[in-house]
Structures are given as C-alpha cells and as structure tokens.
Amino acid sequence: MVDLYNGGILILSTVTTFGLYMILSGVDSPWFAFAEHAFVGTAIGLSVVVATDYIFRTIIPRILSNPAANWPTIVSVILGLMMILRVHSSTVHLARIPITIATAAGIAVSVRAEIFSGIINQIKATILPLMGLGTWWDFVVNVTVVLSVLFVFTFYFYTTEIKGPLQTANKIGRYILYLAFGVLFAQTYMGRLGLLLGLLQSFIQPYYPNGAVTVVVVVVMIVSTWLLHKRYPELLEKLTPE
Amino acid sequence: MVMIVFISIFIYIPYFFEVPQALTNLENWFMDTIVIIAAFAVWVGFITATRREVVRIQRRRKGWFYAVVILVLSWAMVVIGLGVSKTNVIFEFLQYAFVLPGDSTIYAILVFYLTSAGARAFRVNSLESALLTFGALFVLLKQAPLGEVLAPWAGPMAIYLQDTIAMAATRVFSVSLAIGSVVLAIRLMLGQEMALVGLVRRVASREEE
Amino acid sequence: MSNIFKMMAHIDRRIYYAAVFLLTALLLIYPLGLPLAISPEVRHTYEMVENLKPGDLVIINFCLSASGYQQLQGACNSMIDHVFQKEGVLVIFTMTADQAPIMLEGIIANNGELMAGYSDYPYYEINGKQYGVDYVNMGYYPGLFKWIASLSADFRTALGNNDWYGVDVSEFFDSHDINHARDVDLVISFDSDDGAGDFMNYFFLEYGTPVVQSQIGVMVAGAKVQYNAGNYAGIVPSIRGAAEYQFLANYPGYALTQMDAFSVVQFFLILLMVLGNVGYYGYTRHQKEA
C-alpha cells in the first residue's frame, strides 16, 4: 500500500504535470492555472531558502569563527543587505553600490576567461592543418570547418557594405547557417524528447501505484474541465485568471 | 563609473600579472562578495513578488485566489526551510509535489511544439528550406538507434554535418558572444552602459526627448 | 485525391500532440529492444573515469534543474556509480542549481545504503565509500560562475567547512590534504546551465584540470565545439549519450529503456515532415498558384 506522504506526492505531482500539459489542448482550464501558480510559488520559496542557507551555512560560521580576521566578509554581508534596500523607492539609491560591485566584478570575472575560451582557443581550434593529413577525408573535414567558419563570419558583418566577393561569401555563409539550424533543431528535439521520456516514465512505471494514479487523476481532470466548459461556463470564467 | 573601473582593474590585473598577495586577496574578496550579493538579491525578487500578489488580492483582480496559492506556498517554503530545516519532510514534500514536476514539464512541453513546428515549417520549397530540412533529417536518422539500423547511410553524413557545419556555426556564435562580452565590459568601464547598474536617465518631458 | 492532400496539409496540431503522447507511453510500456552504437566521445569519457587512480580527487557538480535531470538521469546514476567503484578515489559533490540538492539525495539513496548506526542523510555508503571519509556533499552555492571563480581562487574558503547538512567536514579536507583548486584531478559536471563551461574557464584554463560535461540536448552543439577545441576532456551528450554510458557501465534502466520510444518518436517526426511536404505540394501550392 502507498503511504500518505508518497501518495500525496504522487497525486499532486500528477496534477501539476498534467495540469501544465492542459495548455496543449488550447482550452482554458483551472487545473493549468493552479499548477502554474503552485509551481511559481514553491520555486520562489526554494530559491530563497537555498540562497539564504548558503549564508547561514558558510558565511556566518566563517565570520563567527574569527570576526576580527574576517572583517572583509562582514563588509560583504553588509553590501548584501544593502541590496535588499532596492525594494523601496526611498532607499533604491543605496542598493546601487552592491549592484555596481556585483555587475562590474561579475562582468570582469567572466570576460577575462572568455577571452581565452571564447576567442583565442576557438580561433586556435579553427586553424587546422590542410596538408600532410592521414586520409583525404581528414582533408575534406578540415577544409569544411575552416571555410564554414570564415563564410559564417562574413554573414555577421554589419558595418561594411556587402558587395563583390564578400557578397558571395555572405550568401554561402547564410546557406551554411540554414544547414546548421536544421542540425541544431534535431539536437534540440533529442534533448526535449529525452525530458518528456524521463518525465512520462516516472508517471507510468511502476504500473501500480504510479500508472494507476496517473490514469485516474488525468481522467478526473479531463472530465472536470469538459464539464466546466459544457455545463458551467460562468464558473469556468471565474476560475481562469486573466 | 570610477568604482566600475577600479573594481575591473583589480579583477583583471591579478589574472594576467604576478602581483603582491594583498592585491590577490582583494581580488578574492571581490569574488566572494559577488556570491554573497547574489544570495541576498533573491530576497529582492521574493519581496517584490509578495507585494505584487498582495496588491492583486487587495484589488480582487480576476483569479485573485491563485495569488493566495502563490503567497501561501512561497511563504510556507521559506518559513519551513529557514525556520525548521531544509531537510524537513514538508519542505521536501512541496519540492517533490510542485517544483520538480513543474520544472520538468515546462521544458518537456516544447517537444510537442517542436513536433508541430517540424511538421509545418519544414517545407522543401527553396534551397534554404531544403538545406534546413535535410540537415535536420540526417541528424534525426542518426540519433535514433532505429535510424542507425534502417538508414545506416545517414550516420556518416550526420556526423560530418555535426562535426563541421554545426560546429562551425556554433563556434562563430561563441566567438561573437565573447567579443560582445568584451565590448560590453569596455563600454561599462567607459560609462556607456549605466543602465546595467540601474542608472537610467529619466526623461522629464517629450520636448527633452 | 486532393482531399487526401488537403488533410495532410491541415492536420490539427492536437493530433500531433496526442500521437506523441500515445507513442511515447506505449513504447515505454512495451519496449522493442533495439541495438545501440557507442559514440567515440562517450567511450573516451568512460575510459577517463575507468583510468582514475587511488588518491584522485573528483568534483561532481550538479548544475541541473529538474527538467535536465529527467534527461540525464541515466548519465548521473551510471557515472556516479562508476566513479564510486574506483578504489581510493575521493569525491566532493557540489551544486550550482537550487533544485539539485534533492535530486542528488535521490541518486545517493538509489545507489547506496545507509551506513551502520545512521538513519538519514548524508550518511550513505556507496560501493564501499563512506560519507565523511571518502566523499562529502557540500551542497548548493549561489552565483554560478562567480562562485566557481571564487572556488578556483580560494578553494577552502569558497567551500567552507560545513557540508549541505551543516556538519563540519573539515576533517575530510585536512586528512586528505585538500587545500587548493589544483588538488582536483577531474571535474564532472551535469549541466542544464553551463557549469562545465565555468569549470573549464577557472579550472582547466588555470590549472589544466580535465573537465567532463554531461549536458542536455540544446547544449550539445556548443559542447562539441569545446570538446573539439580541447577545452573539455569528455562529453556525454543528452539522453543518447546517457544510454551509451549506461551500456558501457553495465547499468540498467533509465535512458537505456527509453531509447526505443526515443527512436520511434523521432521517426514519427520524420513521417510528419514527409506528410507535410506531400500535403504542401499536393494541395497548398496549387491553392497558392490558383
């Protein structure tokens, strides 16, 4: 037998999942509205808890272990608290200090590594050997990569007039991008399909209780939505938010 | 702007040069501080969301009772998670019941829209659309184990497309993104992107525009 | 005949949705047992983990939301089980996504057993490895790349001494002499956001630490770019890579059992593309020309 805790999770998670799926039917449904709001509420709460827990678990013990030596951390916590002042218009100017520090430091930290991983290493990886290769196929692959990168780059020129050889390169770059988008679509589809499969498998198996509860809950949701549409449209109007 | 330049310099210099320990400590302090600020910033969103939902309830807007759902669940999570324990049975119950299935479902819904898009948008009526369609077709055949059995000829072509064409396009996106980030950082230091730090010049009147 | 083409050109999208649902459900209940080819990237990644030596320190990072976990369940469970099989290897679990802690608890409970004398997390033993002695769960850290940069710069301070449950685990770090980011021998990141990219920027580029990423489908193209550029030491792409890794690691369930549904639904999409084009050329194009 399924205990109350696991049974409750099973029922509510099925309501949440299939409530959200009701958007696919194209009809208004209070189940969708409930699932959407429940998810948003709990997700907000979870974000706050885990972020604040980090402060209590890591930062506060560090300060308490040696307040005198860890005075810079105390300054950091004060700056963090100043961030919360953003919620009121009279104190929002004080929140600009931590925002400035976070923005400036954040962008600097990411850019200094991006220069290597995003630019230099990518250019290095594009400079491929075109002679002295093992097989003709290696040559074809390397030439394709080098030329594709060059042609696609010409597609992103916005500050010069595209004419002559640049126009031909631009056109070829566009065709390469179309081919690439087809490939990316297929890879994205693979990813999203994997999500659906994992999700559905958890609701179907084991057949009892997961499969049974799923079937019952989905039938109840579909029948109740149909009844609201057919018999109680005014109630449906009230139950679906704008 | 002075603060931005000062902070940026003390992040870049220790990364590229040998510097005294004091400068390295300052760099570490900046990195520690931005993590702490990020942790507190979540509260700004939480307080703003609470205020918005309370206003919605007070004004009895259509569907105001769903605002009660958001408030009750979010505050229950915060009170139990911080006040009792984050491993508390009710806290974990709410995660398993709403957060995990909700998050999974939102992205899984895209499969249906992608299927519908694939059926409607992939029309072979020009060179561009033919390239788009055949690029997707080869990779779909290769990715599926059944495709490798029924259409083994698609595999080498799909690998070629993935490892050359798609990789080249994605590489160009990465380089463009990185160059854009560098330009943004320089513009921030020069005071050209002050909207990022919340300093937006208010327009007093239409004439001023 | 033109009615057939008209029908093909104007199939209600809700029929697509219902068909995808039904096909998926049916094939999850009645799998076909199709063969699976192993890609070189996944095989290379498997061999990297297989070649871990006693004393190696592995950071296993979860930058994974619930949606990503549904896709990478197979990879998460099989790769973690594989790492924990390696004699003498030490593991630090970290999380940079707020939904990850509860998912990791599920993985640990799935692959381990409660240690003698304990009744709850975190005291699980996985393949003989004990909590607090061979592995620790340091929990969630906000800030994503900011925290990873901070971890690279000041390892012990960024991690802190308390694990996710508030237990002091400094003994684990002191006894194994783990003090600096360069002590890390391998980073494995399960990503629906770019955690591995940040570990690459702040660990691989600074200390040469190899980084392995298992990522969701939309990130596969970008991951291949990094893998081909030599920035990533290994990749396990999406559900297909997860199934391949499970096959190599001889770990049943999850992605392996989903491959049949995965294949058939992708063929269904191809069929829809063909039907759509037949309908377009048989009906819509004639209507436009008329």
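Out of C:Ile4, C:Ile11, C:Ile38, one residue alone is within 30 Å of C:Tyr280 (Cα to Cα) and outside any helix (DSSP H, G or I). It is C:Ile11. Annotation note: Cβ proximity below 7 Å between a residue of region B:97-115 that is within 7 Å of chain A (Cβ to nearest Cβ) and a residue that is surrounded by 23 or more Cβ atoms within 10 Å (Cβ to Cβ) and among the basic types (Lys, Arg) (sequence gap 6+ or interchain) occurs for B:Tyr107/A:Arg192; B:Ala108/A:Arg192; B:Leu110/A:Arg192; B:Val111/A:Arg192; B:Leu114/A:Arg192. Summed over region B:174-183, the residues that are touching a helix residue (DSSP H, G or I) at 6+ places or on another chain (Cβ under 9 Å), of a type outside the set (Val, Ile, Thr) and surrounded by fewer than 16 Cβ atoms within 10 Å (Cβ to Cβ) give a count of 2. Test B:Arg60 against the criterion of being outside any helix (DSSP H, G or I) and either within 24 Å of the chain's Cα centre (by Cα) or closer than 30 Å to A:Val15 by Cα (or both), and give yes or no. When the stated conditions are applied, B:Arg60 passes them. For region C:118-144, filtering for residues that are farther than 24 Å from B:Trp43 by Cβ, of a type in the set (Phe, Trp, Tyr) and modelled with pLDDT of 90 or more leaves 4. When B:Phe138 is tested against (1) surrounded by fewer than 18 Cβ atoms within 10 Å (Cβ to Cβ); (2) more than 7 Å from chain A (Cβ to nearest Cβ); (3) under 20 Å from A:Leu177 (Cα atoms), only condition (1) is not met.
When region A:142-186 is filtered for residues that are assigned to a loop (DSSP other than H, G, I, E, B) and either crowded, with 19+ Cβ neighbours inside 10 Å or of a type in the set (Phe, Trp, Tyr) (or both), the ones remaining, listed by number, are A:Tyr156, A:Phe157, A:Tyr158. On the stretch given as region B:152-166, residues that are among the hydrophobic types (A, V, I, L, M, F, W, C) and either more than 7 Å from chain A (Cβ to nearest Cβ) or in contact with a strand residue (DSSP E or B) (Cβ under 9 Å, 6 or more places away or on another chain) (or both) total 5. Tell me whether region C:126-139 contains one or more residues that are under 30 Å from B:Ala39 (Cα atoms), facing another protein chain (nearest Cβ under 8 Å), hydroxyl-bearing (Ser, Thr, Tyr) and assigned to a strand (DSSP E or B). Checking region C:126-139: not a single residue is under 30 Å from B:Ala39 (Cα atoms), facing another protein chain (nearest Cβ under 8 Å), hydroxyl-bearing (Ser, Thr, Tyr) and assigned to a strand (DSSP E or B).
Could you please let me know if B:Gly63 is buried (at least 22 other Cβ atoms within 10 Å of the Cβ), free of Cβ contacts under 8 Å to residues at least 12 places away in the same chain, at the interface with chain A (Cβ under 7 Å from one of its Cβ atoms) and not aromatic (Phe, Trp, Tyr)? Judged against the criteria, B:Gly63 is not a match. Looking only at region C:145-173, residues that are among the hydroxyl-bearing types (Ser, Thr, Tyr), farther than 23 Å from B:Val42 by Cα and buried (at least 18 other Cβ atoms within 10 Å of the Cβ) come to 1 in all.
Quick one: would you say A:Thr17 is buried (at least 19 other Cβ atoms within 10 Å of the Cβ), in contact (Cβ under 8 Å) with a residue 40 or more places away in the chain, part of a helix (DSSP H, G or I) and within 7 Å of chain B (Cβ to nearest Cβ)? In short, yes.
Note on region A:117-141: residues that are more than 9 Å from chain B (Cβ to nearest Cβ) and crowded, with 18+ Cβ neighbours inside 10 Å amount to 1. Restricting attention to region C:1-56, the residues that are exposed (fewer than 12 other Cβ atoms within 10 Å of the Cβ) and charged (D, E, K, R) total 3. Pairing each residue of region C:10-35 that is within 9 Å of chain B (Cβ to nearest Cβ) with any residue that is surrounded by fewer than 14 Cβ atoms within 10 Å (Cβ to Cβ) and among the aliphatic types (A, V, I, L, M), provided the two are 6+ apart or on different chains, yields C-beta distances under 7 Å for C:Leu34/B:Val149; C:Pro35/B:Val149.
Residues in region B:3-22: is at least one under 29 Å from A:Glu237 (Cα atoms) and hydrophobic (A, V, I, L, M, F, W, C)? The answer is no; no qualifying residue exists. Residues that are touching a residue at least 40 places away in the same chain (Cβ under 8 Å) and either outside the structural domain of C:Ile92 (by TED's automatic domain parsing) or not hydroxyl-bearing (Ser, Thr, Tyr) (or both): does region C:105-120 have at least one? Taking every residue of region C:105-120 in turn, none turns out to be touching a residue at least 40 places away in the same chain (Cβ under 8 Å) and either outside the structural domain of C:Ile92 (by TED's automatic domain parsing) or not hydroxyl-bearing (Ser, Thr, Tyr) (or both).
The values are calculated or read from the model by the stated rules, or taken from the named source; none is laboratory data. Just so we're clear, the structure is a prediction, and the values are computed from it rather than from any experiment. Glycine gets a Cβ as well: all are built from the backbone with ideal geometry, and neighbour counts include every protein chain shown.
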